[in-house]
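Step one of this worksheet: look at the structure below.
The values are calculated or read from the model by the stated rules, or taken from the named source; none is laboratory data. Given the structure is predicted, the values throughout are model-derived calculations rather than measurements. A quick note on method: Cβ atoms are made from the backbone with ideal geometry, for glycine too, and the neighbour counts reach across all protein chains shown. Areas reflect the complete protein model, heavy atoms only, side chains present, ligands, DNA and RNA absent. Shrake-Rupley method; radii C 1.70, N 1.55, O 1.52, S 1.80 Å.
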Amino acid sequence: ASSLGAAAAQSGRYFGTAVPAGKLGTSAYTAILDREFNMITPENEMKWDTTEPSRGNFNFGPGDQIVSHAQSHGQRMRGHTLVWHNQLPSWVSNLSASDLQSAMDNHITTEMNHYKGKIYAWDVVNEAFADGGSGQQRSSPFHDKLGNGFIEHAFRTARAADSSAKLCYNDYNIENWSDAKTQGVYNMVKDFKSRGVPIDCVGFQSHFGTGGPPSSFQTTLSNFAALGVDVQITELDIAQAGSTQYANTVNACVHVSRCTGITVWGIRDSDSWRSGDNPLLFDSNGNPKSAYTAVLNALNAA
Ligand code: G3I
């Protein structure tokens, strides 16, 4: 196949990208988006600071713009993200524990209800584990006021709100199997599966340095999949976009049957949150880079 989305579809997978609503009016951008990608993650538009800037005051306009584009171009959507300590309006951080619990429940329920039937998978909780060697949850308003159980509570609330969307936990620096952070998330998913807490998938953001993925990445993906969840690469970018590093990343996914898709975090280098690293598959003029060909070939070989 001659596009990323069509090539991924040959093995039942998708190939997606992060999209900001503000670029949907740029034809040089949408030409690539609609030619190459069949899954979209809103880059910022479904985050709490946009969707509920003040308590009970919901704003789904920017997210709706992206959903509408996706629906008219045959693209599916990943919802990103319901509960995250960043891009969190200050009113949330200032609540008492009991108010925070009800605000979190209301936020999850209202946003999922609004998008019901339009989202393939939700990042229900994003980046809740700490960096470094602890293997524990990080400090955040949610963790500090509600305790470790806030993640389970969020997933149960999400399932009750929408029983058909897939419910994912999403994080970065969980790609290397032996890291304490990876083990912490793995143990949480294992515990959830053993106790029947609803979780369907784990997203590995995969913001890599010049070396690309750790050599254990495929092992990590297959170990998580063996717990009974789908796994996805959700925010891929690689400093300097080496072809080998991109091919290694795609191969780690396509060799794991429950790795259902790959999303890159932007289209052109100029679209990237780390644009100084030139980490994406298209240059700033929209021309495919050598990493693009490497990814396409790896998908076609799967
Ligand atoms: O919208 C305002 C604009 O009004 C203002 O003039 C401008 C000035 O700084 O800021 C704009 O907001 C920025 C927003 O992106 C939209 O462009 C924020 O400052 C900026 O912090 C924000 O960055 C986003 C970042 O998440 C914030 O945490 C990036 O676009 C987005 O790519 C990035 O995505 C995250 C994932 O959600 C989670 N994983 C890590 C990933 C990379 O950081």
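Annotations
- Taking every alpha-carbon pair under 8 Å whose residues sit at least 6 apart, the chain reaches a relative contact order of 17 percent.
- Counting only DSSP H runs of at least 4 residues, each contributing -39500 (n - 2.57), and dividing by the residue count of the chain, the helix-based mean residue ellipticity at 222 nm comes to -12000 deg cm²/dmol.
- Amide H to amide H distances under 5 Å link E43 with V19, A21, where only residues 5 or more positions off or on other chains count and H is placed in the peptide plane.
- Å² per residue, accessible surface of the range 167-302 at 1.4 Å: 34
- Given 15 as the ceiling on other Cβ atoms within 10 Å, longest exposed-site-free region of the chain for trypsin sites (Lys or Arg not before Pro) in DSSP loops: 117-273
- Rounded FRET efficiency, nearest 0.05, which uses the C-beta distance separating R138 from Q87 and R0 of 22 Å: 0.90
- Test item: Cα-centred dipole of the range 147-213, Lys/Arg +1 and Asp/Glu -1 on Cβ, debye: 220
- Our summary gives the range 88-233 a relative contact order of 23 percent, counting only alpha carbon pairs under 8 angstrom and 6 or more residues apart.
- Surface accessible to a 1.4 Å probe, H143 within the full protein complex, Å²: 50
- Annotation: per residue accessible area for the range 32-83 equals 34 Å², rounded to a whole number [probe 1.4 Å, protein chains only].
- Surface composition of the range 28-159: carbon plus sulfur atoms contribute 46% of the solvent-accessible area (1.4 Å probe, protein chains only, all chains present).
- Relative contact order (%) - criterion: Cα under 8 Å, at least six apart; region: the range 41-144: 30
- Computed label-point distance, nm, for sites T210 and A9 using a 7 Å Cα→Cβ extension: 3.8
- The three principal axes of the C-alpha atoms in the chain carry coordinate ranges of 52, 43, 34 Å, sorted with the longest axis first.
- Extension gain (nm, one decimal) between T30 and D283, 0.36 nm per residue minus Cα-Cα: 89.6 nm
- Segment K190-N94, extension gain: residue separation times 0.36 nm, minus the distance between their alpha carbons: 31.3 nm
- Taking amide H as placed 1.01 Å from N in the peptide plane, Y14 has its amide H under 5 Å from the amide H of G261, I262, each at least 5 places away in sequence or on another chain.
- This model, with +1 at the C-beta of Lys and Arg and -1 at the C-beta of Asp and Glu, gives the chain a dipole about its Cα centre of some 600 debye.
- Assigned charges on the beta-carbon of Lys, Arg, Asp, Glu; the range 1-120 dipole about Cα centre (debye): 360
- Sorting H153, H107 by solvent-accessible area of protein heavy atoms yields H153, H107, largest first, with a 1.4 Å probe.
- Karplus 3J(HN,Hα) series, Hz, for the range 9-18 with 6.51 cos²θ - 1.76 cosθ + 1.60 (x for Gly, Pro): 5, 4, 10, x, 10, 10, 10, x, 8, 6
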